[in-house]
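J.: I am attaching a structure below and will ask some questions about it afterwards.
The values are calculated or read from the model by the stated rules, or taken from the named source; none is laboratory data. Not measured: the values here are computed from a predicted model. Cβ: placed from backbone, ideal geometry, glycine included. Neighbour counts: every protein chain shown.
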Amino acid sequence: MRKAKWLCAAAAALAVSTALLAGCGGGDKKAAAPAAGAKGPKGDVMVYTSIYPDIIDKMCKPNVAKAFPDLKVTWFQGGTEKVKTKIAGEVKAKKIGADVLMVADPSYYLTLKKQGLLMDYVAPNQKDVVADKDKAGSWTAVRISNMIIAYNTTKLKPEEAPKSWKDLLDPRFKGKIAMPSPMLSGTAYVAAGALSDKYGWEYFDKLKANGLRVEEGNSAIQNKLLTGEYLAAMILEENILKLAAEKHEPLKVVYPSDGIICVPSPIAIFNATKNPEGAKAVENWWLSKDGQQAVVKGWMHSVRNDVEPPTGAPKLSTLLPTAVKVNWEKLANEEAQIKEAFRVRVMDK
């Protein structure tokens with residue numbers, strides 16, 4: 001299989017591509033919801049996702065219900081690794097419960113495709129997606145999350161805050177830094193793989209020596225940043241943007257000078273779906289302009305060029321030229337080895 005050329009690897013060219021910009025726009029209203037009097041999809045669709053529960057309740061459920069009033073969409077939410085474990089059990093039992101999959105680790109979709117579990121479906125709105133996608137349509141990036149550094153502005157002045165991933169090694173932050181567990185978080189797994197490729201596993205040895213703490217997920221870290229237990233942390237951009245904008249919390253995003261870690265999370269349909277038309281309609285809606293505006297309201301970046309970034313965030317095209325390169329094939333093929341290397345170096349006492 002050829003190496004996936006994701007948005008994060010070639011985004012600068014994609015973002016300024018005249019052809020892509022010209023292709024964005026028209027036809028989304030028809031794609032987003034059935035025209036008046038038209039028959040829309042019916043039946044049940046189950047979505048397995050790692051999108052945060054509050055975003056599902058506020059953005060996903062109402063928007064999808066409005067687009068497809070005759071379609072009953074049910075959501076199973078869990079961290080990426082929890083969802084993967086659930087799917088593994090269902091595959092073994094030959095009874096996959098999900099119709100649509102929306103989790104955070106792009107490399108997982110490469111594994112599922114190799115296993116022949118995904119449906120080939122080129123959604124009509126896929127043409128407007130500037131993130132990379134499988135040519136046969138078995139997966140398409142649907143939302144973009146960035147792993148960044150965040151700090152508490154009541155504890156650190158801007159000039160004191162870390163400016164790069166290597167700055168987290170500064171003794172000033174000893175015992176006051178954290179990251180989510182790659183064993184539980186898909187985006188943390190991507191970050192561990194990307195940074196170990198960029199700086200070697202020695203980087204994580206040094207982080208551990210500087211008192212790095214590993215938490216279950218991004219939410220646990222944001223709470224301890226707020227209390228001051230941590231001064232700075234590796235965390236998802238969306239968590240910090242949301243807290244700063246909605247609750248005016250004293251947390252600030254740092255876009256590392258040595259590159260964000262961009263995670264273009266896909267959407268896919270399982271071959272085992274019992275409602276292929278309903279599943280296809282849901283996927284196509286998420287790739288529409290309406291669907292992508294819902295993504296942005298959930299504090300993530302759009303995979304389209306005609307949708308503005310979330311409040312408080314710069315345009316993705318300004319961040320991607322220096323983004324840390326991610327070897328998605330390696331993450332797909334060497335998951336056990338990468339997680340074991342992290343566990344031994346960082347989590348074992």
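J.: If Leu195 meets every condition in (1) touching a Ser or Thr at 6+ places or on another chain (Cβ under 9 Å); (2) closer than 28 Å to Asn305 by Cα; (3) in the same structural domain as Pro250 (by TED's automatic domain parsing) apart from one, which number is that one?
T.: Every listed condition holds for Leu195 apart from (1).
J.: With Lys86, Lys113 as the choices, which residue is in the same structural domain as Ala294 (by TED's automatic domain parsing), within 20 Å of the chain's Cα centre (by Cα), surrounded by 18 or more Cβ atoms within 10 Å (Cβ to Cβ) and part of a helix (DSSP H, G or I)?
T.: After applying the criteria, what remains is Lys113.
J.: Can you tell me which residue is nearest to the chain's Cα centre (by Cα) among those in the range 281-312 that are of a type in the set (Lys, Arg) and in a helix (DSSP H, G or I)? Break it down stepwise before answering.
T.: Initial filter on the range 281-312 (of a type in the set (Lys, Arg)): 289, 297, 304.
Imposing the further condition that a residue be in a helix (DSSP H, G or I) reduces the set to 289, 297.
On the way: Lys289: 18, Lys297: 14 Å.
Checked the range 281-312; the qualifying residue nearest to the chain's Cα centre (by Cα) is Lys297.
J.: Which of the residues belonging to the range 81-125 are touching a residue at least 12 places away in the same chain (Cβ under 8 Å) and on the phi > 0 side of the Ramachandran plot?
T.: Gly116
J.: Residues being among the polar types (S, T, N, Q), under 19 Å from Gly175 (Cβ atoms) and at pLDDT below 95: count how many of those fall in the range 194-221.
T.: Here is the first cut: in the range 194-221, the ones among the polar types (S, T, N, Q) are 196, 210, 218-219.
Pick out the ones that are also under 19 Å from Gly175 (Cβ atoms) and you get 210.
This time we only want the ones that are at pLDDT below 95, so: none.
Residues in the range 194-221 being among the polar types (S, T, N, Q), under 19 Å from Gly175 (Cβ atoms) and at pLDDT below 95: 0 in total.
J.: For the range 221-241, how many residues meet the condition of being farther than 18 Å from Pro162 by Cα and surrounded by fewer than 17 Cβ atoms within 10 Å (Cβ to Cβ)?
T.: The total comes to 2.
J.: Looking only at residues that are β-branched (Val, Ile, Thr) and over 13 Å from the mean Cα position of the chain (by Cα) in the range 125-153, which one is modelled with the lowest pLDDT?
T.: At the first step, the residues of the range 125-153 found to be β-branched (Val, Ile, Thr) are 129-130, 140, 142, 144, 148-149, 153.
Those left that are additionally over 13 Å from the mean Cα position of the chain (by Cα): 129-130, 149, 153.
Details: Val129: 96, Val130: 92, Ile149: 98, Thr153: 96.
If we take residues in the range 125-153 being β-branched (Val, Ile, Thr) and over 13 Å from the mean Cα position of the chain (by Cα), then Val130 is modelled with the lowest pLDDT.
J.: Are any residues in the range 39-77 of a type in the set (A, V, I, L, M, F, W, C), assigned to a strand (DSSP E or B) and under 28 Å from Ser185 (Cα atoms), and if so, which ones?
T.: Here is the first cut: in the range 39-77, the residues of a type in the set (A, V, I, L, M, F, W, C) are 45-47, 51, 55-56, 59-60, 64-65, 67-68, 71, 73, 75-76.
Checking which are assigned to a strand (DSSP E or B) leaves us with 45-47, 71, 73, 75-76.
Val45, Met46, Val47, Val73, Trp75, Phe76, listed by residue number.
J.: Can you tell me which of Lys280, Lys339 is in contact (Cβ under 8 Å) with a residue 12 or more places away in the chain, among the basic types (Lys, Arg) and not assigned by TED's automatic domain parsing to the domain that holds Lys242? Give the derivation first.
T.: Details: Lys339 fails: not assigned by TED's automatic domain parsing to the domain that holds Lys242.
Going through Lys280, Lys339 in turn, just one is in contact (Cβ under 8 Å) with a residue 12 or more places away in the chain, among the basic types (Lys, Arg) and not assigned by TED's automatic domain parsing to the domain that holds Lys242: Lys280.
J.: In this structure, does Lys155 turn out to be in the same structural domain as Lys339 (by TED's automatic domain parsing) and either out of contact with any Pro (no Cβ under 7 Å at 6 or more places or on another chain) or without any contact (Cβ under 8 Å) to a residue 12 or more places away in the chain (or both)? Please lay out each step first, then the result.
T.: On the way: in the same structural domain as Lys339 (by TED's automatic domain parsing): yes; either out of contact with any Pro (no Cβ under 7 Å at 6 or more places or on another chain) or without any contact (Cβ under 8 Å) to a residue 12 or more places away in the chain (or both): yes.
So Lys155 passes the test.
J.: If the Cβ limit is 6 Å and pairs must be 6+ apart or interchain, which residue in the range 53-75 that is among the aliphatic types (A, V, I, L, M) pairs with which residue that is part of a helix (DSSP H, G or I)?
T.: Close Cβ pairs satisfying both conditions: Met59/Ala294; Met59/Lys297; Ala67/Ala32; Ala67/Trp285; Leu71/Gly278; Val73/Val64.
J.: Go through Leu168, Leu156 for me and flag whichever is assigned to a loop (DSSP other than H, G, I, E, B), out of contact with any Asp or Glu (no Cβ under 6 Å at 6 or more places or on another chain) and modelled with pLDDT of 95 or more. Before the answer, list the steps.
T.: Details: Leu168 fails: assigned to a loop (DSSP other than H, G, I, E, B).
Exactly one of Leu168, Leu156 is assigned to a loop (DSSP other than H, G, I, E, B), out of contact with any Asp or Glu (no Cβ under 6 Å at 6 or more places or on another chain) and modelled with pLDDT of 95 or more, namely Leu156.
J.: While we're on this one: The conditions are (1) of a type outside the set (Lys, Arg); (2) at negative phi; (3) surrounded by fewer than 24 Cβ atoms within 10 Å (Cβ to Cβ), and His248 fails exactly one of them. Which is it?
T.: (2)
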